[in-house]
Structure formats: structure tokens, C-alpha cells
Amino acid sequence: MLYARARGAKMKAHLFAASVAALVCLGGGVQAAEFHKDGMTAKEVQAWLSESGYRAELAKDDEGDTYVKSASDGVNFDAHLYDCKKERCASMQFIAGFDMDAKLELAKINEWNSDKRYVDGFIDEEGDPWFTYDLNLSPGGSREALDDDFAVWLSFLPDMKELAGW
């Protein structure tokens, strides 16, 4: 009888160990893919957009800073990187502008800014609307969080087009 109890206790210990091992293995499979604690490089942003199925072209602005050109839903937009140390950047801004024949009224962009959350709008010197969405890339983060931020940006594109009359 004592032998049977010892054998049963040993079997329970093995089952417990196997269960813990299985949970550890499964947990690693669903863990979020993390990126560098200091943010991302332009090439990493380009690769992420490309892997997500979007056009992703590296370009340089007038100051020589690298950014990524992309598009979705018929809207061209850029991903500008900020707070950079060497090539790794702690923040990013999506920006899209609409070249219009007629100037957009200030009241319309003010209404956008008072009604919409996350994406800000402004009017440039020529009366064209621009929209921006800022996000932090540091201290680190996950691919899933970045994808979620990008989904927020993309969800506003139809409203941007409507306001611009596209």
C-alpha cells in the first residue's frame, strides 16, 4: 500500500512537471514580438510596413532625415521618425496631406480637432488639410502594439478623404 502511494505521488509530480513545461512552451509561442528598447530605425519601419503588405519606400527630407513613404486606401502618407540617437528613433509620426483646389475652411479643421480623437488636423499656408498621428517607439514595445497603432491611423483615412472631398 505504501508503495502504491509513493508511486501515485511520483506520477502526480511528473504530471505537474509536464504541465508546467507545456505551459512554458505554449507561453513562449504567444508572447508578443518585441522591438528594441530605444525604438526603431527607418529600415525597421520600412520592413514592418512591407511585411504588413504596404508600400514602403525610404526617402530623405530637406534636412537629410530619412522617412518612409507609404499609402493605403488611395491616400499617400509618410512615417517620419523623431527623437533619434544615431539611427534608432524613440517616436514616429504618420502624416498625410491633401492638395485641394479650394482652401479648406478653418472651421472644418477645428471641428475635426474637437470631434476626433488621436489624429490631429491642421491647414497649411495654401489652405490644404494635413493630418498627423504620433506614437512612441520607446521604451520598447511590441509588434502587436505597433500594428494596433497603425490600425488606428488607417481607420481615420476614410474620414480624412471625406473632409478633403476626395
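Starting with the fewest neighbours, write out 82, 54, 67 ranked by other beta-carbon atoms found within 10 Å of each beta-carbon.
Fewest-to-most Cβ neighbours within 10 Å comes out as 82, 54, 67.
Remark: for residue pairs 43/161; 43/103; 69/103, the C-alpha separation exceeds 32 Å in 43/103. Annotation: amide H-H contacts under 5 Å for residue 89 (H modelled 1.01 Å from N, sequence separation of 5 or more, or interchain): 40, 41. Among the GluC sites (Glu not before Pro) found in segment 64-166, those both in a DSSP coil and sparsely packed, with 14 or fewer other Cβ atoms within 10 Å of their Cβ, are 87, 105, 125, 126. With N counted as the residues of segment 35-164, its alpha-carbon radius of gyration over 2.2 N^0.38 Å works out to 1.07. Multiplying the residue separation of residue 43 and residue 161 by 0.36 nm and removing their Cα-Cα distance gives an extension gain of 39.6 nm. Here the label points at residue 148 and residue 118, each 7 Å from Cα along the C-beta direction, are separated by 1.1 nm in the simple model. Subtracting the Cα-Cα distance of residue 82 and residue 111 from their residue separation scaled by 0.36 nm leaves 7.7 nm.
Checking every one of the trypsin sites (Lys or Arg not before Pro) in segment 79-136 against DSSP loop status and a limit of 13 other Cβ atoms within 10 Å picks out 86, 103, 117.
Laboratory data are not the source of any read-out in this text; all were calculated from the coordinates shown. Please read these numbers as outputs of a predicted model, since none were measured by experiment. FYI the Cβ positions are ideal-geometry reconstructions off the backbone, even for glycines, and counts take in every protein chain you see.
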